[in-house]
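**Student:** This is the structure I want to talk about, given as structure tokens.
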Amino acid sequence: MFVAVTAWFLSIVFLSVFLFGYANRLAVNWNQADFIFHGTTFVFYFGAFLLQAATTSLHHFPRNFNSTTQERILNGREYNISIAASVCASCICVRETEVCSKPF
């Protein structure tokens, strides 16, 4: 959630800079700024994907509360949501890689 909200907020900031005409007033290489933004977003989304996939892979391992009580780390519904989140994060990583690899 942190990655998505941060990326959304920075996208709104970039949009506001261009809509209000500050892009012409600021001496910034906007191609480089765009590349750095998408590269950083890729790194954050890839990290989120790895953490989500690791959590999903631990679904079948029981967690012991004491010697007689065991519970799965994720129940069925949480497992399905975790799979969907992993797939979504991997698709976003592929998209960010394509955006970063475009020529200036």
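What follows draws every value from the coordinates through simple rules; no lab data is involved. Please read these numbers as outputs of a predicted model, since none were measured by experiment. We place every Cβ from the backbone using ideal geometry, glycine too, and count neighbours over all the protein chains shown.
**Student:** Using amide H atoms built 1.01 Å from N in the peptide plane, name the residues 5+ places from Ile73, or on other chains, whose amide H lies under 5 Å from its own.
**Tutor:** The list, which skips near neighbours in sequence, is Phe61, Arg63.
**Student:** Only counting other Cβ atoms within 10 Å, I'd like Thr68, Thr55 sorted with the fewest neighbours first. Numbers along the way, then the final one.
**Tutor:** Values: Thr68 6, Thr55 16.
Going from sparsest to densest Cβ surroundings: Thr68, Thr55.
**Student:** Compactness ratio of the chain: Cα Rg over 2.2 N^0.38 Å, N = residue count? The partial results should precede the final answer.
**Tutor:** Values: Rg = 19.5 Å, N = 104, 2.2 N^0.38 = 12.8 Å.
It is 1.52.
**Student:** Now for a different question. Using the beta-carbon distance between Val28 and Asn75 and R0 = 41 Å, what value does 1/(1 + (r/R0)^6) give for FRET efficiency, to the nearest 0.05?
**Tutor:** Details: r = 48 Å, r/R0 = 1.18.
Calculated value: 0.25.
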